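Structure first, then comments.
The values are calculated or read from the model by the stated rules, or taken from the named source; none is laboratory data. Because the structure is predicted, anything quoted here is derived from the model rather than measured. Neighbour counts run over all protein chains shown; Cβ positions are idealised from the backbone, glycine included. For the accessible areas, the whole protein counts, side chains as well, though only heavy atoms, and no ligand, DNA or RNA atoms are used. Shrake-Rupley method; radii C 1.70, N 1.55, O 1.52, S 1.80 Å.
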Amino acid sequence: MLRIKGLTYGGAALLLLAVSMIASLSIGSAGLSFGDVWGILIHQLPGMPDPADKWTSGEIAIVTQVRLSRIWLDVMVGACLALAGAGFQGVLRNPLADPYTLGVASGSSVGAAFIILTGMQLALGLWTIPVVAFATGILTLLAVIWLSRTRGVMQIETIILSGVIIQSFLGAFVSLMVSMSQGVVNQILFWIMGSLAHRSWEHVYMMIPFLVLAFPVLLYYSQSLNLFTLGERHASHMGVKVERTKLIVMMVSTLLTAAAVSVSGVIGFVGLVVPHLIRLIVGPDYRLIIPLAGIGGGIFMLWADTLARTVLSPKELPLGVVTALIGAPFFAYLLHRRMKVEGGVKS
């Protein structure tokens, strides 16, 4: 039954993702028609005529280098954030948890803001900001784990509280660096608000290992996350190694968050809304939630980024602003609906 249900929902989700990618690739401010876009792509196949005979090198680059790489990056960043959100919500047993609960985003922002402020990204090249943001995000998780451990045990309430403390502390550092910056203040703020502008295939390649390694791990622990809903004591009695599971799932979810944030900047609500919506559609089974959240995150990010680059064309909105404008009202509706249902059950 689970396999049939998974194939049904999975097939529908993959179809919607494919349609979204086709639509997003065909939309843009360059004035290229649907036929031009797909004609250029078809002419990239082996044995096809040189597309330069019909289109300029600039038009070919817009489709193959700019739009196509950005669309794949949308899918991967969205999948990372949604998978991380599902992991955090499962291990913390809190549907309101998201990838930023433990302050990882603030940690990554500190590293990126420092590099931008000091101008070191110009000296060290393209990968400087992603690598530093990733490293500071991981260090943030280690600090949260260190603060939350009591006699070798991580209490869920202590983890969340430690994350809030670390996030506030590091957020103050980001604000300090913004106030100190002059010529680069706009660059720092734009990174903090999130964007996938000026990204390339190199950033896509950077994301692939994280998804390839992290997705199977989360899927492997999906049954353990199902047992977590019964409580840690019951899960332990049923054979789950609670502390190891919490540590591994949080580490993997943080790796996904840090990887996404290091490329795209701070983009909220994807990891909060998407797993919650998937749970409402397919139920509480994490064996379904985790793979569908990855696909759903890609779809959500695709359409949010399409709006970001087209609504005020040729100007581009920060992606984090668009996801917040879409995600905050939608999540408020979901929260109101849930409270209404729970109120009806209690009465």
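The table below gives the values:
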| quantity | calculated |
| --- | --- |
| Members of the range 1-58 found to be in a loop (DSSP other than H, G, I, E, B) and among the aromatic types (Phe, Trp, Tyr), listed by number | TRP55 |
| Residue list for the range 216-237, restricted to those being outside any loop (DSSP other than H, G, I, E, B), modelled with pLDDT under 90 and open to solvent by 10 Å² or more (accessible area, probe 1.4 Å) | GLU232, ARG233, HIS234, SER236, HIS237 |
| Test: residue in the range 252-271 that is free of Cβ contacts under 8 Å to residues at least 24 places away in the same chain, part of a helix (DSSP H, G or I) and assigned by the TED database to the domain that holds GLY111 | no |
| Residue among VAL249, VAL212, VAL270 that alone is more than 11 Å from the chain's Cα centre (by Cα), among the β-branched types (Val, Ile, Thr) and open to solvent by less than 20 Å² (accessible area, probe 1.4 Å) | VAL249 |
| Cross-chain or 6+ apart pairs with Cβ under 6 Å, the range 189-202 first and under 7 Å from GLY265 (Cβ atoms), then β-branched (Val, Ile, Thr) and in a helix (DSSP H, G or I) | MET193/VAL321 |
| Among (1) outside any helix (DSSP H, G or I); (2) open to solvent by 30 Å² or more (accessible area, probe 1.4 Å) - the single one ALA135 does not satisfy | (1) |
| Test: ILE165 is touching a helix residue (DSSP H, G or I) at 6+ places or on another chain (Cβ under 9 Å), open to solvent by 80 Å² or more (accessible area, probe 1.4 Å) and among the β-branched types (Val, Ile, Thr) | yes |
| Residues being in contact (Cβ under 8 Å) with a residue 24 or more places away in the chain and either open to solvent by 50 Å² or more (accessible area, probe 1.4 Å) or among the aliphatic types (A, V, I, L, M) (or both) - total across the range 314-334 | 9 |
| Selection count, the range 24-68, where residues are out of contact with any Pro (no Cβ under 8 Å at 6 or more places or on another chain), modelled with pLDDT under 80 and of a type in the set (S, T, N, Q) | 3 |
| Pair list, Cβ under 8 Å, 6 or more apart: the range 127-145 residue in contact (Cβ under 8 Å) with a residue 24 or more places away in the chain, other residue aromatic (Phe, Trp, Tyr) and open to solvent by less than 30 Å² (accessible area, probe 1.4 Å) | ILE129/TRP191 |
| Which numbered condition ALA18 fails, given (1) within 29 Å of the chain's Cα centre (by Cα); (2) over 24 Å from VAL311 (Cβ atoms) | (2) |
| Cβ-Cβ under 7 Å pairs, at least 6 apart or on other chains, the range 203-217 side farther than 17 Å from THR254 by Cβ, far side buried (at least 18 other Cβ atoms within 10 Å of the Cβ) | HIS203/LEU73; HIS203/VAL263; VAL204/SER69; VAL204/TRP72; VAL204/LEU73; VAL204/MET76 |
| Selected residue (only one of VAL282, VAL240, VAL311 is open to solvent by less than 20 Å² (accessible area, probe 1.4 Å), without any contact (Cβ under 8 Å) to a residue 24 or more places away in the chain and over 21 Å from ILE208 (Cα atoms)) | VAL240 |
| Residue match in the range 56-64 (condition: without any contact (Cβ under 8 Å) to a residue 12 or more places away in the chain, of a type in the set (A, V, I, L, M), farther than 24 Å from TRP146 by Cβ and open to solvent by 50 Å² or more (accessible area, probe 1.4 Å)) | no |
| Candidate set from the range 168-209 (those that are open to solvent by 70 Å² or more (accessible area, probe 1.4 Å) and touching a helix residue (DSSP H, G or I) at 6+ places or on another chain (Cβ under 6 Å)); member that is farthest from VAL321 (Cα to Cα) | PHE173 |
| Subset tally (residues that are polar (S, T, N, Q) and at pLDDT below 90) for the range 269-321 | 2 |
| Residue check for PHE114: surrounded by 24 or more Cβ atoms within 10 Å (Cβ to Cβ), of a type in the set (Phe, Trp, Tyr) and in a helix (DSSP H, G or I) | no |
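To keep it simple, each residue is scored yes or no on (1) surrounded by 19 or more Cβ atoms within 10 Å (Cβ to Cβ); (2) in contact with a Leu (Cβ under 9 Å, 6 or more places away or on another chain); (3) more than 30 Å from GLY268 (Cα to Cα).
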site	(1), (2), (3)
LEU7	no, no, no
ALA12	no, no, no
VAL19	no, no, no
SER29	no, no, no
ILE42	no, no, yes
VAL75	yes, yes, no
ALA79	yes, yes, no
LEU83	yes, yes, no
GLY103	yes, yes, no
